[in-house]
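The values are calculated or read from the model by the stated rules, or taken from the named source; none is laboratory data. Keep in mind that what you see is a predicted model, and the values were worked out from it rather than measured. Ideal geometry is used to build each Cβ from the backbone, glycine not excepted, and the neighbour counts take in all protein chains shown. Remember, those area values only see protein heavy atoms, side chains included, never the ligands or the DNA or RNA. Shrake-Rupley method; radii C 1.70, N 1.55, O 1.52, S 1.80 Å.
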Amino acid sequence: MLHEKHKPFPQDFLWGAASAAYQIEGAWNVDGKGKSNWDQFVRIPGKTFKGTTGDVAVDHYHRYKEDVALMAEMGMKTYRFSIAWTRIFPNGKGEVNQKGIDFYNQLIDELIKYNIEPIVTIYHWDLPQALQEEYGGWESRQIVEDFKNYSITLFQAFGDRVKYWVSLNEQNIFTRLGYQTALHPPGVKDDKLYYQVNHHASLANAAAIKAFRMYVPDGKIGPSFAYSPAYAATAKPEDVLAAENAEELTNHWWMDVYAWGEYPKATWNYLEREGIAPQIEEGDLALLKEGKPDFMGVNYYQTTTYEKNPLDGATLEANFNTTGKKGTMEDSGIPGLYKTVSNDNLERTNWDWNIDPQGLRIGLRRITNRYKLPVLISENGLGEYDQVEADGTIQDDYRIEYLHTHLVAIQDAITDGVAVIGYCVWSFTDLLSWLNGFQKRYGFVYVNQHEEGEHDLRRIKKKSFYWYKEVIESNGEKL
Ligand code: BG6
């Protein structure tokens, strides 16, 4: 199915970029903000690249007007950002901190002033530390009520102006890194707990969406899922089965629950046999079915390729490249189910992430066929080293190439019949990468922030800024 003629991007296509509170705001203890799990975690030696923290990040909290003015200059139609739970409820629940509400009101009003549609992410990983300490955060069912109340507070405060909402950002990633590989807080490795935590998060997600219908009846909401479509390494049936296992266990396990309120069968049975299936209580499945999203939010960075993994084969204990030294990422897997292998057909970034624009088209079609939901591409982008030239410019042609090829793939998918409502590039300004410090950059706007040395936080427009401006101006005709 090659197309001579592409369908155009829809007239109301949401061209945008995205960020997350912890990665940009800074002001970590300002205006009554409480401590989050990340404020705590980054202080443990050895957890982040060169000990970077989000204490200052790129100081968006104090510079949001400058940042929004740059968005307006670029002609952005939408901006996706997250709210720090601890600015609204310093202890996760109880008294609202009015100064937190004020900050986001100002940001939202500033965006609206320039006709930029705000997309608010309710949760992008920064859990109130108070809830972690009180009942283990996501480990307890109590989180469902607290998350719902926090969400309702946001719907009431901002729902008059914010019509697009993302519930949880990458539930599959924050739980895996928090409870399987221990790379994120709370730094636990416990498979049974991992699946239980996920069940609670899915319930919280559904409870928030269910409440949303009452508070913002004219709005749209969905989760953002980190979708890495599975490929089989070869046409050997055992490798194809491994890829099927991976697609179900690493993707459908979440997306089926979001879209249908059901856990996929083969994975459920596998987890039961292993004694690690989550405990489900009466009413849980009904709630999951009541929290259906309006769209599937997709964060797409790469595909993953799988082959058969013997029972004594690779485990999840593998090095994850957080240094930017190409070739240091190791394969990992689940014995008996699947193992990742590098795909020689694909180029990789310096952080060993595959570059695969066609994988996005494939993924969008899989989602459309399975769930029949529109898709918001809530993240896609290239993390690379950027260099400020002697003349002060940043020639990030590699980023333009990356975004260009992915947009062509999106237009292919639209032509195939996929309903894509928007595209949020990760990210607008450079920001703090959770584990990779400031040297792994994603933005259209360079921020002079570094792990070490001089850093005055000044903003510099990269070459890609001007390129994306034209893409938006032409509604994708000039890619
Ligand atoms: C997504 C997250 O997983 O990928 C972002 O939603 C994150 O918060 C982005 O920054 C890129 O990941 P990394 O590890 O390169 O910063």
Looking at Leu407 and the list (1) in contact with a strand residue (DSSP E or B) (Cβ under 8 Å, 6 or more places away or on another chain); (2) closer than 15 Å to Phe465 by Cβ, which single condition is not satisfied?
(2)
Hey, does the stretch 379-393 have a residue that's in a helix (DSSP H, G or I) and crowded, with 19+ Cβ neighbours inside 10 Å?
no
I'd like the full set of residues that are open to solvent by less than 10 Å² (accessible area, probe 1.4 Å) and either more than 20 Å from Ile400 (Cβ to Cβ) or away from the ligand (no atom under 15 Å from the Cβ) (or both), limited to the stretch 434-443.
Gly437
What about Ser427, is it polar (S, T, N, Q), touching a strand residue (DSSP E or B) at 6+ places or on another chain (Cβ under 7 Å) and under 23 Å from Asn321 (Cα atoms)?
yes
Subset of the stretch 270-286 [open to solvent by 70 Å² or more (accessible area, probe 1.4 Å) and not hydrophobic (A, V, I, L, M, F, W, C)]:
Glu272, Arg273, Glu274, Gln279, Glu281, Glu282
Selection over the stretch 114-133 where residues are touching a residue at least 12 places away in the same chain (Cβ under 8 Å) and either over 24 Å from Val162 (Cα atoms) or in a helix (DSSP H, G or I) (or both) yields a count of 4
Find all pairs meeting these conditions: Cβ atoms under 7 angstrom apart; at least six residues apart or on different chains; first residue within the stretch 216-232 and among the aromatic types (Phe, Trp, Tyr); second residue in a loop (DSSP other than H, G, I, E, B).
Phe225/Glu170; Tyr227/Tyr300; Tyr231/Thr303; Tyr231/Asn343
Just one of (1) of a type outside the set (Gly, Ala, Ser); (2) assigned to a loop (DSSP other than H, G, I, E, B); (3) away from the ligand (no atom under 13 Å from the Cβ) trips up Leu431, so point out which.
(3)
Given (1) over 18 Å from the mean Cα position of the chain (by Cα); (2) open to solvent by 10 Å² or more (accessible area, probe 1.4 Å), where does Ala246 come up short, assuming only one miss?
(2)
Filter result (within 16 Å of the ligand (Cβ to nearest atom) and either among the hydrophobic types (A, V, I, L, M, F, W, C) or more than 19 Å from the chain's Cα centre (by Cα) (or both)) within the stretch 10-25:
Ala17, Ala18, Ala20, Ala21, Ile24
Of the conditions (1) within 16 Å of the ligand (Cβ to nearest atom); (2) touching a helix residue (DSSP H, G or I) at 6+ places or on another chain (Cβ under 7 Å); (3) modelled with pLDDT of 95 or more, Thr322 fails just one. Which one is it?
(3)
What tally of residues in the stretch 325-364 results from selecting those that are within 16 Å of the ligand (Cβ to nearest atom), touching a residue at least 24 places away in the same chain (Cβ under 8 Å), closer than 23 Å to Phe225 by Cβ and of a type outside the set (A, V, I, L, M, F, W, C)?
6
In the stretch 287-305, is there at least one residue being open to solvent by less than 50 Å² (accessible area, probe 1.4 Å), away from the ligand (no atom under 16 Å from the Cβ), under 30 Å from Glu145 (Cα atoms) and touching an Asp or Glu at 6+ places or on another chain (Cβ under 8 Å)?
yes
Mind checking which residues of the stretch 161-195 are in a strand (DSSP E or B) and open to solvent by less than 30 Å² (accessible area, probe 1.4 Å)?
Trp165, Val166, Ser167, Leu168, Asn169
Taking the stretch 91-113, which residues are open to solvent by less than 30 Å² (accessible area, probe 1.4 Å) and either among the polar types (S, T, N, Q) or in a loop (DSSP other than H, G, I, E, B) (or both)?
Gly92, Asn97
Does Glu451 satisfy the condition of being in a loop (DSSP other than H, G, I, E, B) and either within 16 Å of the ligand (Cβ to nearest atom) or crowded, with 19+ Cβ neighbours inside 10 Å (or both)?
yes
